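The structure appears right after this line, and notes come after that.
We did not get these values from a lab; they are worked out from the coordinates using the rules stated. Predicted model only: the values in this text are computed from it and were never measured. Cβ placement follows ideal geometry from the backbone for every residue including glycine, while neighbour counts extend to all protein chains displayed.
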Amino acid sequence: MPNSPVPLATSLDEVYTPGSLAHQGERWDQLAQTFEKEYGVKPQKIARAPGRVNVIGEHIDYCGFSVLPAAIERDVLVAFSTDPQDKDKLPKATASGRTVAVLRNVDDKYSPTHFEVDLSSWGGDLALPKKHHWSSYFIAGTKGILQHLHENAPKTILGRKENPSHIIILVAGTVPEGSGLSSSSAMTTASAITLLEISGRRDGPNKIGRRGVTEVAIESERLVGVNSGGMDQSASVFSQPLNLLHIEFVPKLQATAIPLPQTNPPFSFVIANTLVTSNKQLTAKYCYNLRVVETRLGALLLAKALDLPPQSQHSPPLTFKTVLDTYFTQPPTPPGPHPVDAPMPTQNPPELPTAAAHPTSPLPPKGASKVYELKTLLGLAGKELGGPGMEDGMTWEQVAELLGRDKDELMKEVVGKQEVEPVNGKLKIWTRARHVFSEALRVYEFRELLESTASGETTLDSSSVLKSMGDLMNASMESCQNDYECSCPELDELTALARQNGALGSRLTGAGWGGATVSLVPEPEVPKFIDAVREGYYKKRFPNLSKAELEDVCFATKPEAGAGVYRF
Ligand code: NG1
Ligand code: MG
């Protein structure tokens, strides 16, 4: 049976009837009790948004390609009420009509704060803290949802007459910070859901379904300064227990739940945190945002080399996925001077794959798969962007010259507001492209493997299925290490150690440069595996970790349900 897309408009509390997370009930009750101690009233509701593990498809969401993550049980819970009892004990608004949101966290490490907001406006007055604080993500989510509500139905944001004087909030999170498990998106998503609940606009005529919440969370997180794709927020919102989520972004957001195969022996995903924190805000200009820029430049160069029709001025930044789609749906521009750019030097005409032999029609044979398209583009990218010296990268001047563009204008267009600083001044266009196309290909191969196993189409036995999954994960890691350069010595060490101790595949998960690894481990071997990782990595590098901390940094996990709201 083909896997069907997850309905994008389902109401957010569906997952709580009597879902796979019923065993969390105790933790929610505890949070409700702590809330009552803190504020003297019970919370009205608790919003939950989980972190995620990305099983395969790294650094390709912002290139428009699909990914295969899953939500994990670890999450951010936001208990809230708009009806505090003892308002005198709470900070007061500086003007009438404004609401004070009081934000506390059960963990003392995260200092309490409050912010003021006019809930009947579009959130434009809401500033993020100047210095990065855990509340930045919460405020970003608040700002995002207010703007969204306002744009969709101005003047009726709250659907009620009066703004509440206060929103009291208590947060409890279990996603380790900076670990590549998306604590940030869990927070932004939970905040967007909280404010959506308070607005009373989750249901009703202008209802905002899961898609709306996801889109808001994606946009909101960009306010915090990272040009991120949409994988984490989508995984947090749409995931289903025991399924990976195949998330496509183009032409529009679509999520399909792909059941994990039932193998014998069964398997687990084991997460191991390197305990090297990757703070994306601080490193974005050499790391994350720089990669976004390198891939955008790669897309421009490839489009030009393939003679694709120029984009209109106001379209969103060109991505590798758009280049692929355009290549397979539109014929190249006729020969003659390119309408906007000078001819590209040192270029051979692309050798079209046999199936697309007609020189003006690169259309694939009928029914050609995504795999075919990606293999074709990978080959073409190699011809057009690769070649001698290209592994070392190019300077801004060289890229601008190839594109026939003014360098400053190009930088302005591609980099936007967020600065980047290429290491040694070199933009590594070809190796980044090789990662992106080959990783996008691995995602489809992984999905096909899962689907053919579930449908019984494949003749592979369990151990071959597991080995094939592991091989794809290992290949992804290698590409992240060598071509995308988003690994680090600790991630290299942990993944190697994992493979030596029974993991069939092991890779970094999330942005990299620190954070966590995910390993595919046959279930019977999990306890032995975790012991070996504790001995081989944590005892050596972090000998002072307590027993509880050790349990927290390395654990087996299964895909869990996405975000929802728990009512009392
Ligand atoms: P992390 O840093 O692990 O939350 C980031 C991006 C994703 C995706 C991955 C790399 C954010 C919120 N998330 O994840 O969109 O690009 O890196 O695959 O920035
Ligand atoms: Mg993050």
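For segment 416-568, just say rounded, prolate or oblate: build the C-alpha gyration tensor, square-root its eigenvalues into a ≥ b ≥ c, call rounded for a/c under 1.5, and beyond that prolate if a/b exceeds b/c, oblate if not. Display every interim value, and only then the final one.
On the way: a/c = 1.43, a/b = 1.08, b/c = 1.32.
Rounded is the answer for segment 416-568, as its axis ratio a/c remains below 1.5.
Could you sort out which of 130/428; 92/130; 285/407; 109/131; 37/92; 37/130 sit more than 25 Å apart by Cα distance in this structure?
Working: 130/428 33 Å; 92/130 22 Å; 285/407 18 Å; 109/131 16 Å; 37/92 21 Å; 37/130 31 Å.
The pairs that break the limit, which is 25 Å between Cα atoms, are 130/428; 37/130.
Report, to the nearest 10°, how far helix 25-39 tilts away from the longest principal axis of the Cα atoms in the chain, using its own Cα long axis and a range of 0 to 90°.
60 degrees
Which of the peptides 296-309, 96-109 is most tightly packed, and how do the rest follow, going by the mean number of other Cβ atoms within 10 Å of each residue?
Values: 296-309: 21.9, 96-109: 16.2.
So the peptides 296-309, 96-109, ranked by packing, come out 296-309, 96-109.
Okay, helix-only estimate at 222 nm for the chain: each DSSP H run of n ≥ 4 adds -39500 (n - 2.57), divide by all residues, round to 500 deg cm²/dmol; what do you get?
Values: 16 runs with 211 residues, N = 568.
Per the formula, -12000 deg cm²/dmol.
Under the rule of at least 5 residues apart or a separate chain, name every residue whose amide H is placed under 5 Å from the amide H of residue 134.
none
Report ³J(HN,Hα) in whole Hz for each residue of segment 393-402, in order, from the Karplus equation J = 6.51 cos²θ - 1.76 cosθ + 1.60 where θ = phi - 60°; Gly and Pro get x.
Once rounded to whole Hz, the list reads x, 10, 7, 4, 4, 5, 5, 4, 5, 4.
Hey, what did segment 223-263 get for relative contact order, percent, Cα under 8 Å, at least 6 apart? Working shown, then result.
On the way: 35 pairs, mean separation 12.6, N = 41.
The value is 31 percent.
On C-alpha positions alone, give me the angle between the axis of helix 135-152 and the longest principal axis of the chain, in degrees, nearest 10.
80 degrees
On a 0 to 90 degree scale, rounded to 10, what angle separates helix 429-454 from the longest Cα axis of the chain?
Tilt of helix 429-454: around 70 degrees.
Mind ranking 288-294, 417-423, 240-246 by how tightly packed they are, going by the mean number of other C-beta atoms within 10 angstrom, highest first? Mind dumping the intermediate values first?
On the way: 288-294: 24.6, 417-423: 13.7, 240-246: 21.9.
Highest to lowest by the protection proxy: 288-294, 240-246, 417-423.
Show the residues, 5+ positions off or on another chain, whose built amide H is closer than 5 Å to the amide H of residue 175.
For residue 175, whose amide H was placed from the backbone, the distant partners under 5 Å are 75.
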